[in-house]
Amino acid sequence: MKNKPDIVILGDGGWGTTLSVLLARKGFQVTIWGAFAENIAYMDKKRENKKFLPGIKIPGEITLTSNLKGAIQNKGLVVLAVPSQYMRSVLKKAGRLDYPRQAIYLSVTKGIEMGTLKRVSEVIKSELGAVKLAVLSGPTIAHEVAKGTPTVAVVASPDRKINKFLQDIFMTDRFRIYTNTDVVGVELGGSLKNIIAIACGISDGLGFGANTKAAILARGLAEISRLGAAMGAGSRTFSGISGLGDLVTTCISPYSRNRLVGEKIGRGKSLKQVISHMQMVAEGVPTAKSAYALSLKYKVDMPITREVYNVLYKNKPALKAFKDLMAREKKEE
């Protein structure tokens, strides 16, 4: 494409690193920023993200830095790949610097901020103002994308020109990008599916089978769609890539961190024990608290979300949660 923008990716996790590799392979000038200088220096020396994306070589053309001011200066595209609960603090730092006002800001983070109950795009707007903004979501296991496994994702902005621009930037013969204008639906689908994945993991840990997982998937999608409708999302979005597509991948993939958290809890470990042994963030854990609060705020019945919240934060036994789900009052589908 003509007039290629210089790109910075804020966040040196597996997904941020994967996207930087994909973009560098397409010939873009890419910078990765990470908050921890020691980790960035190690990645720069080894040209590999051993902690979050082992086995994938980071091209030499990619610049790695822990200097936020230098990273964002004069960039045309800022990709935000920071975990949702740390996003605001990073944006506050950027807001105090001479951040590029005319750049496009693309969130690739899936989560809902605790306390404020804001989607990531809302957090960005509240800290940086009326910048050009879009989100990218979908069934995108980082390691599979980095290895070139055929994958689809969706970019969403109310501005169709921005959608087309980003579609051209990210699309490859192995990474197909669709566009959507339903930012609310795309963000909610990508965030809420992590809670359902934890429920599926708990089911796995308890030794239940495919019937149970199918039920969780189907009814989980129903309650995600109910909350989405109450919050102004389009119903079709949840049957698409960032809804059903992402839900299925996260609930069945052995690489899914959220499913793994649930599986270990189903086997009897506490949330504290599980989290203490994880290097990567499982977004479904804080999102379960936020989504439960949203269900109360919008008066939407979300039984699976409620039970995951109870298991994670109220020490409810996992088996008791499943029994209570099955014993609910009879109803139509």
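Criterion applied to VAL108, VAL152, VAL145 was being outside the structural domain of VAL311 (by TED's automatic domain parsing), among the hydrophobic types (A, V, I, L, M, F, W, C), modelled with pLDDT of 95 or more and within 16 Å of THR237 (Cβ to Cβ), and the one residue passing it is VAL152.
Report, by residue number, each residue of the range 284-303 that is under 30 Å from HIS143 (Cβ atoms) and crowded, with 23+ Cβ neighbours inside 10 Å. I'd like the intermediate steps shown before the answer.
Filtering the range 284-303 down to residues under 30 Å from HIS143 (Cβ atoms) leaves 284-291.
Across the range 284-303, the qualifying residues are GLY284, VAL285, THR287, ALA288, SER290, ALA291.
Do you know which of the residues in the range 260-294 that are out of contact with any Lys or Arg (no Cβ under 7 Å at 6 or more places or on another chain) and among the polar types (S, T, N, Q) is nearest to GLN85 (Cα to Cα)? Result: THR287.
Looking across the range 95-105, just one residue is crowded, with 22+ Cβ neighbours inside 10 Å and either hydroxyl-bearing (Ser, Thr, Tyr) or at pLDDT below 95 (or both), and that is TYR105. Counting only residues that are β-branched (Val, Ile, Thr) and at pLDDT below 95, the range 207-249 holds 0 of them. Of everything in the range 115-130 that is modelled with pLDDT of 95 or more and aliphatic (A, V, I, L, M), the residue that is farthest from ILE196 (Cα to Cα) is LEU128. Across the range 206-249, which residue is surrounded by the fewest Cβ atoms within 10 Å (Cβ to Cβ) among those that are of a type outside the set (D, E, K, R) and touching a Cys at 6+ places or on another chain (Cβ under 7 Å)? Within the range 206-249, the match that is surrounded by the fewest Cβ atoms within 10 Å (Cβ to Cβ) is LEU217. Can you find even one residue in the range 185-196 that is more than 30 Å from ASN310 (Cα to Cα) and not aromatic (Phe, Trp, Tyr)? Checked the range 185-196: no residue is more than 30 Å from ASN310 (Cα to Cα) and not aromatic (Phe, Trp, Tyr). Within the range 44-60, the set of residues being surrounded by 13 or more Cβ atoms within 10 Å (Cβ to Cβ) and out of contact with any Lys or Arg (no Cβ under 9 Å at 6 or more places or on another chain) comprises ASP44, ASN49, LYS51, PHE52, LEU53. Here the helices (runs of 4 or more DSSP H) wholly within the range 133-212 that include at least 1 residues being within 19 Å of ALA103 (Cβ to Cβ) are 160-170, 183-206. Annotation note: Cβ proximity below 8 Å between a residue of the range 70-83 that is at pLDDT below 95 and crowded, with 18+ Cβ neighbours inside 10 Å and a residue that is part of a loop (DSSP other than H, G, I, E, B) and among the polar types (S, T, N, Q) (sequence gap 6+ or interchain) occurs for PRO83/THR109.
If you check ARG267, ARG236, ARG259, which single one turns out to be closer than 25 Å to THR151 by Cα and either in the same structural domain as PRO54 (by TED's automatic domain parsing) or touching a Gly at 6+ places or on another chain (Cβ under 6 Å) (or both)? Give the derivation first.
Numbers: ARG267 fails: closer than 25 Å to THR151 by Cα; ARG236 fails: either in the same structural domain as PRO54 (by TED's automatic domain parsing) or touching a Gly at 6+ places or on another chain (Cβ under 6 Å) (or both).
It is ARG259.
Within the range 178-189, can one find any residue that is surrounded by fewer than 24 Cβ atoms within 10 Å (Cβ to Cβ), free of Cβ contacts under 8 Å to residues at least 40 places away in the same chain, over 16 Å from the mean Cα position of the chain (by Cα) and farther than 19 Å from VAL281 by Cβ? Yes, the range 178-189 contains at least one residue that is surrounded by fewer than 24 Cβ atoms within 10 Å (Cβ to Cβ), free of Cβ contacts under 8 Å to residues at least 40 places away in the same chain, over 16 Å from the mean Cα position of the chain (by Cα) and farther than 19 Å from VAL281 by Cβ.
Of everything in the range 165-188, what is out of contact with any Lys or Arg (no Cβ under 9 Å at 6 or more places or on another chain) and either β-branched (Val, Ile, Thr) or under 17 Å from MET302 (Cβ atoms) (or both)? Give them in sequence order. Listed by number, the residues that qualify are ILE177, VAL186.
State whether one or more residues within the range 16-26 are over 19 Å from LEU136 (Cβ atoms) and modelled with pLDDT of 95 or more.
Within the range 16-26, the first condition is being over 19 Å from LEU136 (Cβ atoms), and the residues that meet it are none.
No, there is no match, as no residue in the range 16-26 is over 19 Å from LEU136 (Cβ atoms) and modelled with pLDDT of 95 or more.
Of everything listed in (1) over 19 Å from MET231 (Cα atoms); (2) crowded, with 21+ Cβ neighbours inside 10 Å, the single unmet condition for LYS110 is (1).
The values are calculated or read from the model by the stated rules, or taken from the named source; none is laboratory data. These figures come from a predicted structure and were not determined experimentally. Positions of Cβ are generated from backbone atoms using ideal geometry, with glycine treated the same way; all protein chains shown enter the neighbour counts.
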